[in-house]
Amino acid sequence: MKPTLITGLQWGDEGKGKVIDLLADKFDVTIRFNGGNNAGHTVKVGDTTLHFKLMPSAALHGKKVLIAQAVVINPKVMLQEIDQIKQLGVKLDLGIDPRCHVVLPYHQALDGASEASKGKAKTGSLGLGIGFSFEDRTNRAGIRMEELVQPTVLREKLKANWDLKKRRVVNAYQQQFPLQFEKVYQEYVAYGRKLKPYLLSVAEYTLDHLPKKRFLLETAQGFSLDFVFGTYPYTVAYHTLASSALPDIGLPPMALNVVGIVKAYTTRVGNGPFPTELKTKIGDYLQEKGHEFGTVSGRRRRCGWLDLPILQHAGRLSGINSIILTKLDVLSGLKTLKIKTAKGYVNFPGWQEDISTVKRWDKLPVNCRRYVLYLEKQLYVPIKYVSVGPDRRQTISRK
Ligand code: GDP
Ligand code: MG
């Protein structure tokens, strides 16, 4: 069966967590396949709100959730999220590919030291060590999950890296290196022991089960954070492009059903270009009404209008078949809305009604529908759902 891929068409935080939670019941298995604990998804179930960084958002549904090889694992964060799910009394059926790389404390030390040395040219890294873990992965110096769970191998690999990393922090970046080898080693041996039961060859499992099971693939971050096609160097250190799901999971070339998630306005966390940014009261309005704070960083997200040329480009390179539009409710109350096109801004009259309890498309204010229909026309694929609030039930289907 053709897998469905959920991908963000902006700078992440489009509401993928909610969408995956919404759609999870239609699938047997969901796979998270890129990034690390620098990605945050918010999942709201009833009165409980959970923030996942590594755990696939669908874990709350008691279904099989998998983490593919291109996710770098911070074992401490992974274990915290496993505990969170277990405490809710939800049965956890989690598989982690043994090829996943481990984020180690020296990656965090390097990350912090590197940002500190950059001054004004900071990329806005959170210091979580994700980029440096990907650097080691590419450079063949990394430690994989399959090695984390073997204490003797782990010691060797850690030893081979340790002094080089220390010298880089102290000599190249001229920062402190406060870590002790034996302490880190013991801590990570313990993590390995706890995570060993979850190891599963995700690539092979997926290939084996594709003919009979329905797979949902979830991308972390968004298109414009792709380290090649996004706003480099203000990006993450890996691909977030939809088609990267194939090598990132370990699948042969195949067609996917690609669902692009678009927030009804634009946000971005951290530094880098943002042509439609609103450094005005309207920007503050979106920020406050949309609770635009980073799930991981807690930083205020920068807010602005939609940017059609970027969205069209993202949609085309992602091969989207349909769109889910989120956070439309946040735009209520504005007098005029704008969308940037290649020629300039197009203005739309706003709507004043609260739409967060609307259940049907034809009950939305006419100006609201006009805004959505314009977008749909410009992005060439159907907008199948419109989301008007964080709750699963605050979703309007257009089928
Ligand atoms: P992700 O990274 O794409 O999964 O998105 P995040 O979870 O980081 O950020 C999206 C935020 O918007 C979360 O706090 C969601 O609960 C919230 N959210 C999702 N959909 C909607 C919506 O339609 N309306 C409103 N008001 N909030 C939403
Ligand atoms: Mg997020």
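Just so it is clear, none of the values below were taken in a lab; they were calculated from the coordinates. From a predicted model like this one, the values you see are computed outputs, not experimental measurements. Cβ: placed from backbone, ideal geometry, glycine included. Neighbour counts: every protein chain shown.
For the cross-link pairs 53/343; 165/279; 212/263; 53/120; 63/279; 2/338, which exceed 31 Å when the distance is taken from alpha carbon to alpha carbon? It would help to have the intermediate numbers written out before the result.
Working: 53/343 38 Å; 165/279 40 Å; 212/263 33 Å; 53/120 28 Å; 63/279 43 Å; 2/338 37 Å.
As for pairs spanning more than 31 Å Cα to Cα, those are 53/343; 165/279; 212/263; 63/279; 2/338.
Quick check on the stretch 230-284: take the gyration tensor over C-alpha atoms, sort the square-rooted eigenvalues as a ≥ b ≥ c, and tell me if it's rounded (a/c under 1.5), prolate or oblate. Intermediate results must be reported in sequence, preceding the final value.
Working: a/c = 4.40, a/b = 2.03, b/c = 2.17.
It is oblate, given that a/c is not under 1.5 and a/b is not larger than b/c.
To the nearest 10 degrees, how steeply does helix 181-195 sit against the main Cα axis of the chain, on a 0 to 90 scale?
Roughly 60 degrees, rounded to the nearest 10.
For residue 228 and residue 174, FRET efficiency with R0 = 41 Å and r from the beta-carbon atoms, rounded to 0.05?
On the way: r = 31 Å, r/R0 = 0.76.
Efficiency, rounded to the nearest 0.05: 0.85.
Two-decimal Rg/Rh of the stretch 187-288 from alpha-carbon positions, Kirkwood Rh? Numbers along the way, then the final one.
Values: Rg = 18.7 Å, Rh = 17.2 Å.
Value, to two decimals: 1.09.
Once the other residues with Cβ under 10 Å from the Cβ of residue 267 are scored (Lys, Arg +1; Asp, Glu -1), what is the net sum? Could you put the intermediate results ahead of the total?
Numbers: positive: 263, 268, 300, 301, 302, 327; negative: 13, 14, 277, 292.
Computed value for this residue: +2.
Among 223, 348, 215, which comes first, second and so on when ranked by fewest other beta-carbon atoms within 10 Å?
On the way: 223 27, 348 17, 215 22.
Sorted ascending by nearby Cβ count, the order is 348, 215, 223.
Separation between the residue 381 and residue 257 pseudo-spin-labels, each 7 Å from Cα along Cα→Cβ, expressed in nm?
Going by the 7 Å Cα→Cβ label model, 1.2 nm.
Of the options 249, 231, 273, report the single residue whose Cα projects farthest towards the positive end of the charge dipole of the stretch 231-306 (beta-carbon charges: Lys, Arg +1; Asp, Glu -1).
My answer, from the dipole projection, is 273.
Evaluate the distance, in nm, between pseudo-label points positioned 7 Å from the Cα of residue 80 and of residue 193 along their respective Cα→Cβ axes.
The two pseudo-label positions are separated by 2.2 nm.
What FRET efficiency do you get for residue 25 and residue 47 if R0 is 22 Å and r is their Cβ-Cβ distance, rounded to the nearest 0.05? Numbers along the way, then the final one.
Numbers: r = 20 Å, r/R0 = 0.90.
Given R0 = 22 Å and the Cβ-Cβ separation, E is 0.65.
Quick one: what do you get for the chain if you divide its Cα Rg by 2.2 N^0.38 Å?
Values: Rg = 21.4 Å, N = 399, 2.2 N^0.38 = 21.4 Å.
Normalised by 2.2 N^0.38 Å, the Cα Rg of the chain equals 1.00.
Suppose R0 equals 41 Å; then what is the FRET efficiency for residue 135 and residue 359 from their Cβ-Cβ distance, rounded to the nearest 0.05?
Values: r = 48 Å, r/R0 = 1.18.
In this case the efficiency is close to 0.25.
Would you mind putting 148-160, 259-271 in packing order, based on average other-beta-carbon counts within 10 Å, highest first? Numbers along the way, then the final one.
On the way: 148-160: 16.2, 259-271: 24.3.
Answer by packing, highest mean first, reads 259-271, 148-160.
Plugging the Kirkwood radius over Cα pairs into Stokes-Einstein for the stretch 105-198, at a temperature of 4 °C and a viscosity of 1.567 mPa s, what D comes out in µm²/s? Walk me through the intermediate numbers first.
Details: Rh = 14.0 Å.
The diffusion coefficient I find is 92 µm²/s.
How much of the DSSP bridge set in the stretch 15-75 is antiparallel, in percent, rounded to the nearest 5? Don't skip to the answer; put the middle values down first.
Working: 5 of 10 bridges.
Given both bridge residues lie in the stretch 15-75, the antiparallel proportion sits at roughly 50 percent.
Report the full-extension gain for the segment residue 277 to residue 352: residue separation times 0.36 nm, less the Cα-Cα distance, to one decimal in nm.
24.7 nm
Please pull out the direction-averaged projected area of the stretch 283-354, using the convex hull of its alpha-carbon atoms, in nm² to one decimal place. Display every interim value, and only then the final one.
Values: hull surface 24.5 nm².
About 6.1 nm², averaged over all directions.
Quick check: the distance between the Cα centres of the stretch 294-320 and the stretch 185-259, to the nearest angstrom?
Using only Cα atoms to place each centre, the spacing works out to 20 Å.
If you plug each phi of the stretch 196-207 into the Karplus form 6.51 cos²θ - 1.76 cosθ + 1.60 with θ = phi - 60°, what whole-Hz ³J(HN,Hα) values come out, in order, with x for Gly and Pro?
3, x, 8, 5, 7, 6, 5, 4, 5, 4, 5, 4
How much length is gained if the chain between residue 367 and residue 185 is pulled fully straight, taking 0.36 nm per residue apart and subtracting their Cα-Cα distance, in nm to one decimal? Walk me through the numbers on the way to the answer.
Numbers: separation 182, 0.36 × 182 = 65.52 nm, distance 5.98 nm.
That works out to 59.5 nm of additional length.
Return a whole-number percent for the relative contact order of the stretch 334-399, with Cα pairs under 8 Å and 6 or more residues apart as the contact set. Let's see the in-between values first.
On the way: 73 pairs, mean separation 17.2, N = 66.
Relative contact order here is 26 percent.
Which order do peptides 387-395, 137-145 fall in by mean Cβ count within 10 Å, highest first? Mind showing how you got there, number by number?
Values: 387-395: 18.8, 137-145: 16.4.
My ranking of the peptides, most packed first, is 387-395, 137-145.
In a shell of Cβ-Cβ distance under 11 Å around residue 23, excluding residue 23 itself, what net charge do Lys and Arg (+1) and Asp and Glu (-1) give? All intermediate terms of the calculation are to be shown ahead of the outcome.
Working: positive: 16, 18, 26, 214, 384, 392; negative: 21, 25, 218.
Local charge sum for residue 23: +3.
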